1. Which condition number in (1) part of a helix (DSSP H, G or I); (2) in contact (Cβ under 8 Å) with a residue 12 or more places away in the chain is the one that VAL6 fails?
2. Answer yes or no as to whether ARG7 is within 29 Å of GLU311 (Cβ to Cβ), basic (Lys, Arg) and either modelled with pLDDT under 95 or more than 23 Å from the chain's Cα centre (by Cα) (or both).
3. If we scan the stretch 47-69, do we find a residue that is assigned by TED's automatic domain parsing to the domain that holds ALA87, among the β-branched types (Val, Ile, Thr) and at pLDDT 95 or above?
4. Kindly check whether there is at least one residue in the stretch 24-47 that is of a type in the set (A, V, I, L, M), in a strand (DSSP E or B) and over 24 Å from LEU240 (Cα atoms).
5. Going through the stretch 177-201 one residue at a time, which ones are without any contact (Cβ under 8 Å) to a residue 24 or more places away in the chain and either surrounded by 14 or more Cβ atoms within 10 Å (Cβ to Cβ) or assigned to a loop (DSSP other than H, G, I, E, B) (or both)?
6. Would you confirm, using the coordinates I've provided, whether ASP227 is at pLDDT below 95, farther than 24 Å from TYR119 by Cβ and surrounded by fewer than 23 Cβ atoms within 10 Å (Cβ to Cβ)?
7. Does the stretch 62-77 hold any residues that are part of a helix (DSSP H, G or I) and not hydrophobic (A, V, I, L, M, F, W, C), and which are they?
Amino acid sequence: MTTERVRCLIIGSGPAGYTAAIYTGRANLSPVLYEGLQPGGQLTITTEVENFPGYPEGIGGTELMDDLRKQAERFGVDIRTGIATKADLSQAPYKITIDDEKIIEADTVIISTGATAKYLGLEDEKKYAGMGVSACATCDGFFYRKKTVAVVGGGDTACEEAIYLAGLASKVYLIVRKPFLRASQIMQDRVMSNPKIEVLFEHNTVGLFGENGVEGAHVVKRMGEADEERYDIAIDGFFLAIGHKPNSDIFKEYLDTDEVGYILTEGATPRTKVPGVFAAGDVADPHYRQAITAAASGCKAAIEAERYLSENNL
């Protein structure tokens, strides 16, 4: 297995990773960035981005990430195809194995591997990706003004998304698998008192349909031990709010995470408990999960990495 030594290794190529690359590249840290499983991150499966500053007419998600990539390349960032498959953060230089075939020894590591939205596993979710199926109401809710949408989930996130969408859409179905909401009482109260939200308890979505995008959902209502009722609801948008899985598994042996797997950092900084290792973007953010907040944390991580290298004469 070959080994290479670098000053700054960035793992992941979403807004956090590319922003970290831009800053470390400009600081002459000769950063190496590995793109990971999904080059460009989650935004590459988003059709239109209207809330990223600097694009008054909006921009396609893939196009936005291409722009960030080109900006990083302009400052000499070495962008490579590859997936981090193993990590050893026990001592510096830190060792990250790429594709099980190459070890990168890095003085600093910026982890920006993101988080993957959980889906129900329906084939129709893939079929209508970017055509009515979304895992982010804040990102895509604007496109459903005065339309009918459904949110899947029964926790705080699902309730928050339903309330947010109710401020835009004409009607919101909240599809809940159980006969109750798992959300905090205050969120339950807000949902139940909102005239635009209809909660469908003990319902499961079994499919979606539509010609050129989502036009409805096939749902099943449990009526008892053995009985169930199948019917369709007409919707224009289908929002998943059943959680995200942070892509942090290979780092858990060395870094602190919360119960879900989000990497814990020191206060408002991207510093982890391992000196010289920083976490940026959705892998360390269970709350906001926006491109702009990810980019900001990538900036922070890059500045911290530069300071760390300088202070340690690396």
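The values are calculated or read from the model by the stated rules, or taken from the named source; none is laboratory data. The structure displayed is predicted, hence computed values, not measured ones. Cβ atoms come from the backbone with ideal geometry, glycine included; neighbour counts cover every protein chain shown.
1. (1)
2. yes
3. Within the stretch 47-69 (the criterion being assigned by TED's automatic domain parsing to the domain that holds ALA87, among the β-branched types (Val, Ile, Thr) and at pLDDT 95 or above), the answer is no, since none of the residues qualifies.
4. Yes, there is a match, as at least one residue in the stretch 24-47 is of a type in the set (A, V, I, L, M), in a strand (DSSP E or B) and over 24 Å from LEU240 (Cα atoms).
5. Answer for the stretch 177-201, where residues must be without any contact (Cβ under 8 Å) to a residue 24 or more places away in the chain and either surrounded by 14 or more Cβ atoms within 10 Å (Cβ to Cβ) or assigned to a loop (DSSP other than H, G, I, E, B) (or both): PRO179, SER193, PRO195.
6. yes
7. THR62, GLU63, ASP66, ASP67, ARG69, LYS70, GLN71, GLU73, ARG74, listed by residue number.
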